[in-house]
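Visitor: The structure under discussion is supplied below as structure tokens; questions concerning it will follow.
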2 protein chains.
Amino acid sequence: MEIKESTSLIQPYSDFIDLDKVIFKDCKAHNVRHASDMKGYYKDAAMLEKLIERGDPLHYETFECQVPQEYGHLIYGLSKLQPGVVGDECFMTKGHYHTIIETGETYLCLEGQGYMLMKTQDGQVKAEKMERGSFVYVPPYWAHRSVNTGDTPLTTLFIYPAEAGHNYGDISQEGFLKRIFKRNGAIVIE
Amino acid sequence: MEIKESTSLIQPYSDFIDLDKVIFKDCKAHNVRHASDMKGYYKDAAMLEKLIERGDPLHYETFECQVPQEYGHLIYGLSKLQPGVVGDECFMTKGHYHTIIETGETYLCLEGQGYMLMKTQDGQVKAEKMERGSFVYVPPYWAHRSVNTGDTPLTTLFIYPAEAGHNYGDISQEGFLKRIFKRNGAIVIE
């Protein structure tokens, strides 16, 4: 891979995360997904349709700061995934590989309960449990998706190389090999 | 800059940061600096010598996880800087540019009070205040140093591209143009 020597010199800046309220002071919502944005992702498509008819609830949001999308910069933000189920499958994010697949990402969980579900193109799968304080390292080559198994929002601070980009297409085709369900109060990964 | 296509595929993993006790469960101390490691950094060299004679106290430590130092990976860890003064100058880290200078870094302050002091090679200087929850973005090209202006440890979670490297040499020559003092209970940047 070749990287151009064109990294922008910008001024340092700071923001503030209220570590109890789990919100950025300055970052604005960047990406908002409702149930209707999740067609094709859940096992029970009919139940997702019902959810959409019953008001198409908020699914997840990201709050992301604006950094040049160039080599050397780091993009950071908060991801907030609502609790809920589609049938008995736990709410989740779409999940993605990075477009530059050899870039990793870090996640610090600030509230909620859930998993970071990860997979490689050759079929390895791994689920790391997340709760307040969990720090998950998603190495290069691993697609990743958050799954909320709790009753409150699952909020994570993410940081990744600014040139990485998102590849949602492969996941919408491949899926994640494993799904996470809530059955009779127990979490089932299958 | 040219990057080799040699990024390692490793397994995902997670760690746990106790966000109240501010400690990693698994990461071990990586780098430990005592007062005697800081010769040449403070304005009052004689006062530093006295501090060294009086027991050479711990200055700062980093707790860092082991990730391949290759493009695409991210290194993360905690930096814990003790409170104190050398004469009236607040305890600080050595500070560094990245060897690959066009790489940035993020800091999330988890406890304490202080500043992230930053400078460029052409003499721009900026100080961002830090307290629990402060998130500081150190863009590419900015050398950076933590300064503890409080009475408790200043602990930050840092994340940076794994290939970045550290260049301490230039700072030991250039200094940071500004210093931070505690005088009669007030913080003075000059």
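Visitor: Can you name the strands (runs of 3 or more DSSP E) wholly within region A:137-185 that have at least 2 residues being surrounded by fewer than 22 Cβ atoms within 10 Å (Cβ to Cβ) and among the basic types (Lys, Arg)?
Guide: A:180-183
Visitor: Restrict the check to region B:145-158 and report whether at least one residue is over 26 Å from B:Lys21 (Cα atoms), more than 9 Å from every other protein chain (Cβ to nearest Cβ), under 15 Å from the mean Cα position of the chain (by Cα) and among the basic types (Lys, Arg).
Guide: Checked against the condition, which is being over 26 Å from B:Lys21 (Cα atoms), more than 9 Å from every other protein chain (Cβ to nearest Cβ), under 15 Å from the mean Cα position of the chain (by Cα) and among the basic types (Lys, Arg), region B:145-158 yields no hits at all.
Visitor: In region B:129-136, is there at least one residue being crowded, with 17+ Cβ neighbours inside 10 Å, at pLDDT below 95, of a type outside the set (A, V, I, L, M, F, W, C) and assigned to a strand (DSSP E or B)?
Guide: Within region B:129-136, one or more residues are crowded, with 17+ Cβ neighbours inside 10 Å, at pLDDT below 95, of a type outside the set (A, V, I, L, M, F, W, C) and assigned to a strand (DSSP E or B).
Visitor: With respect to B:Ile10, is the statement that it is facing chain A (nearest Cβ under 9 Å), in contact with a Gly (Cβ under 6 Å, 6 or more places away or on another chain) and either within 16 Å of B:Ile159 (Cβ to Cβ) or surrounded by fewer than 19 Cβ atoms within 10 Å (Cβ to Cβ) (or both) true?
Guide: no
Visitor: Looking for whichever is without any contact (Cβ under 8 Å) to a residue 24 or more places away in the chain, more than 30 Å from A:Gln66 (Cβ to Cβ) and either buried (at least 22 other Cβ atoms within 10 Å of the Cβ) or in contact with a strand residue (DSSP E or B) (Cβ under 6 Å, 6 or more places away or on another chain) (or both) here; the options are A:Val125, A:Val188. Which one fits?
Guide: Going through A:Val125, A:Val188 in turn, just one is without any contact (Cβ under 8 Å) to a residue 24 or more places away in the chain, more than 30 Å from A:Gln66 (Cβ to Cβ) and either buried (at least 22 other Cβ atoms within 10 Å of the Cβ) or in contact with a strand residue (DSSP E or B) (Cβ under 6 Å, 6 or more places away or on another chain) (or both): A:Val188.
Visitor: Name the residues in region B:107-121 that are touching a Ser or Thr at 6+ places or on another chain (Cβ under 9 Å) and part of a strand (DSSP E or B), would you?
Guide: If the condition is that a residue be touching a Ser or Thr at 6+ places or on another chain (Cβ under 9 Å) and part of a strand (DSSP E or B), then B:Tyr107, B:Leu108, B:Cys109, B:Leu110, B:Glu111, B:Gln113, B:Gly114, B:Tyr115, B:Met116, B:Leu117 are the ones that fit.
Visitor: Same structure again: Of the residues that sit in region A:72-92 and are buried (at least 23 other Cβ atoms within 10 Å of the Cβ) and in contact with a Lys or Arg (Cβ under 7 Å, 6 or more places away or on another chain), which one is farthest from A:Leu117 (Cα to Cα)?
Guide: Of everything passing the filter in region A:72-92, A:Cys90 is farthest from A:Leu117 (Cα to Cα).
Visitor: Considering only residues of region A:24-52 that are closer than 23 Å to A:Leu108 by Cα and surrounded by 16 or more Cβ atoms within 10 Å (Cβ to Cβ), which is nearest to the other protein chains (Cβ to nearest Cβ)?
Guide: A:Phe24
Visitor: Conditions: (1) in a loop (DSSP other than H, G, I, E, B); (2) among the charged types (D, E, K, R); (3) within 23 Å of A:Ser172 (Cα to Cα). A:Lys126 meets all but one. Number of the miss?
Guide: The number of the failed condition is (1).
Visitor: A further question on this structure: Please find, among B:Gly114, B:Gly123, the residue that is modelled with pLDDT under 95, more than 10 Å from every other protein chain (Cβ to nearest Cβ) and over 16 Å from B:Ile159 (Cβ atoms).
Guide: B:Gly123
Visitor: State all residues of region A:86-105 that are over 11 Å from the mean Cα position of the chain (by Cα) and either within 10 Å of another protein chain (Cβ to nearest Cβ) or closer than 20 Å to B:Gly77 by Cα (or both); if no residue qualifies, say none.
Guide: Hits for region A:86-105 are A:His98, A:Ile100, A:Ile101, A:Glu102, A:Thr103, A:Gly104.
The values are calculated or read from the model by the stated rules, or taken from the named source; none is laboratory data. Since the structure is predicted, the reported quantities are computational estimates derived from the model, not experimental observations. Note that each Cβ is placed from the backbone with ideal geometry, even for glycine, and that neighbours are counted across all protein chains shown.
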